[in-house]
Structures are given as structure tokens and as C-alpha cells.
Amino acid sequence: TLQGKGVTVEHVEETHVPHDAGAYNRSRRTAMNLASDNLDAIFDVHRDAVPAEVYTRDVDGRNLVQILMVIGRQNQNMSSNKSFAEGLKQVADSRHPGLIKGILFTQGNYNQDLSPRSILLEVGAHENSRQQAEQSIALFADVVNTYLYAQQGQTGGGGIAAQSALKLLIALVLAIFIYLLISAGSW
């Protein structure tokens, strides 16, 4: 879906099985390669091991699965990953209410220490249908596209570049004001 919107995507299908305590150590090399490519975001996609009904919800008039965003508390990027997840959730809540189940903060780092915009996604449960998961992740791709790139006139969460430019402009105006105030000696 993101590729269809003109976004360059690196899709790694390596499963790093078995899914045990060592899975993130085995997947770290893959995550390091992705992080070294200076990608705009990294999503580690999973299916939760709970009953299907835990994630089933009406989204946009369809019976789909919700997506849970998971942030590890044990990494130096936790704050930026949290802000990224909150921004995505804000856009999702306005565009596709009910799509995001929530943001879960847990122990571990899930290789999120490698990127300031890295989120583990639980796309429904392993008992939900693949079709439901694919439809939900297509809606999530719309959210990601809107949040990161603000394409097609959408303002949602705003693009990161636009937010950075606005912050820089505000800082510049403030600096000029302070300079003029100091050099003039009075208001």
C-alpha cells in the first residue's frame, strides 16, 4: 500500500524463528541494516498470541483487526518512539477510528534503540484472518503516509519535515527578536 502511494519501502520477510527469548538477538542484524539505511521509520510486524476476538473491531464499517503499537521501555529512543506512536495514533483516530487498539509500553527494547521512529506492531492475533490483517495494515499505511509525508493535502499529524521547518522558523524569529531587543537596549 505504501509503495502504491509512491513511498520507497524495504520489506524484509525474514522471520527470525523460533520466536523465543533469543528472537530479538537473531533479528538485530536485520534491524541494524535497516537503521543504517536512514529510513523514515521501521515497523516490526507481528501477530499477537491471543484469541481473535481480542483484536476484532468494526473499523470504517468493516469487521477488521486492530493494531497495537508496542514500545520497549529499555532503549534510549523510547521518548521519540513514544512521540512517533502517539502522532500515528492521533492521525489514525481521526481518519480510521478504532484501528489502533492502543500503545503498550513493555520491558525490553525490541531493537528500537536503533531508530528514533521504530515501533513493534501487533496486527491482530494469530487466529484472525490474514485478509482482516491485510485490510487493517492497508489503513495503517494510509496513516503512516499521512503522518510522515502529509501527501494529497492531508494535514492529520503533519509531516515530520513540515514540523521541523516550522520549529526552525519559530526559533529563527525568536532569535532575531532577542537580538534586536538586546542590540536596541529596550523594547
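Remarks
- Qualifying residue in the stretch 87-106 (condition: without any contact (Cβ under 8 Å) to a residue 12 or more places away in the chain and under 22 Å from LEU34 (Cα atoms)): no
- Condition met for TYR147 (within 12 Å of the chain's Cα centre (by Cα) and either open to solvent by less than 60 Å² (accessible area, probe 1.4 Å) or in contact (Cβ under 8 Å) with a residue 60 or more places away in the chain (or both)): yes
- Number of residues in the stretch 99-130 that are aliphatic (A, V, I, L, M) and closer than 16 Å to GLN76 by Cβ equals 2.
- Long-range neighbours under 9 Å by Cβ, at least six apart or interchain, first residue farther than 23 Å from ALA141 by Cβ and open to solvent by 40 Å² or more (accessible area, probe 1.4 Å) within the stretch 66-86, second among the hydroxyl-bearing types (Ser, Thr, Tyr) and modelled with pLDDT of 95 or more: ARG73/THR106
- The number of residues in the stretch 85-122 being more than 22 Å from ASN25 (Cα to Cα) and in contact with a Ser or Thr (Cβ under 8 Å, 6 or more places away or on another chain) comes to 3.
- Matching residues in the stretch 23-65 - criterion: being on the phi < 0 side of the Ramachandran plot and without any contact (Cβ under 8 Å) to a residue 40 or more places away in the chain: ALA23, ASN25, ARG26, ARG29, THR30, ASN33, SER36, ASP37, GLU53
- All positions within the stretch 121-134 that are surrounded by fewer than 18 Cβ atoms within 10 Å (Cβ to Cβ) and assigned to a helix (DSSP H, G or I): ARG130, GLN131, GLU134
The values are calculated or read from the model by the stated rules, or taken from the named source; none is laboratory data. Being a predicted model, the structure only gives us computed values, none of them experimental. Counting neighbours? That spans all protein chains shown, and the Cβs are built from the backbone with ideal geometry, glycine included. Areas reflect the complete protein model, heavy atoms only, side chains present, ligands, DNA and RNA absent. Shrake-Rupley method; radii C 1.70, N 1.55, O 1.52, S 1.80 Å.
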